[in-house]
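Every read-out reported here was derived from the displayed coordinates using simple, explicitly stated rules and does not represent laboratory data. Owing to the predicted nature of the structure, the values given are computational and were not obtained by experimental measurement. Cβ: placed from backbone, ideal geometry, glycine included. Neighbour counts: every protein chain shown.
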Amino acid sequence: MTASAPQDYFGLTIPFMSYIGLVPESIAPGHARAFLPWRQELTNSRGDVHGGTLMSVLDFVLSAAARGSADAAEGMATIDMNTTFLSPGTGDLTVEARCLRRGASIAFCEGDIRRADGELVARATATFKIIKRRPGGD
């Protein structure tokens, strides 16, 4: 068995995001986007993507929007995150986040998860502490 190269998550290696199958799509100053293909292993008893999975991908994509680039010198530590679930996460999902304000030590972000039909699944807001990245990533 040959080991595959680790997935690049906007300049970081994040084994958990790789494990759940999140696909990073784009990053730009104040914006990040990713895609989560539906897999049975990620579902709850109803067959919808589990809320914990949704919160995990939101946390990552919101923090990526705060970093703003794959080569950012800072990392993000979540201070607070609030998630509202609006409809079931059925099928493939798109996660999109925006950094609303970034200061010297704190960043404020918001993001959404949508189904392929455009239906809003979840919305989150988060506050991140901006920290120096450790050698080798966060």
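Things to note:
- Residue check: Arg101 meets all listed conditions (1) of a type in the set (Lys, Arg); (2) surrounded by 13 or more Cβ atoms within 10 Å (Cβ to Cβ); (3) farther than 23 Å from Asp8 by Cα but one, namely (2).
- Hey, Arg98 over 25 Å from Ile130 (Cα atoms) and in a strand (DSSP E or B) or not: no
- Within the option set Ser26, Ser69, being surrounded by fewer than 17 Cβ atoms within 10 Å (Cβ to Cβ) and assigned to a loop (DSSP other than H, G, I, E, B) holds for one residue only, Ser69.
- Among the residues of the stretch 88-103, not a single one is in contact with a Phe, Trp or Tyr (Cβ under 7 Å, 6 or more places away or on another chain), of a type in the set (Gly, Ala, Ser), touching a residue at least 24 places away in the same chain (Cβ under 8 Å) and more than 27 Å from Thr43 (Cα to Cα).
- Filter result (of a type in the set (Ser, Thr, Tyr) and either closer than 11 Å to Ala124 by Cβ or surrounded by 18 or more Cβ atoms within 10 Å (Cβ to Cβ) (or both)) within the stretch 29-55: Thr53
- Test: residue in the stretch 31-49 that is touching a Gly at 6+ places or on another chain (Cβ under 8 Å), without any contact (Cβ under 8 Å) to a residue 40 or more places away in the chain and farther than 21 Å from Phe16 by Cα: no
- Of all positions in the stretch 79-86, at least one carries a residue that is in a strand (DSSP E or B), without any contact (Cβ under 8 Å) to a residue 40 or more places away in the chain, touching a strand residue (DSSP E or B) at 6+ places or on another chain (Cβ under 9 Å) and surrounded by fewer than 22 Cβ atoms within 10 Å (Cβ to Cβ).
- All told, Glu74 meets the bar of being of a type outside the set (Val, Ile, Thr), crowded, with 17+ Cβ neighbours inside 10 Å and more than 14 Å from the chain's Cα centre (by Cα).
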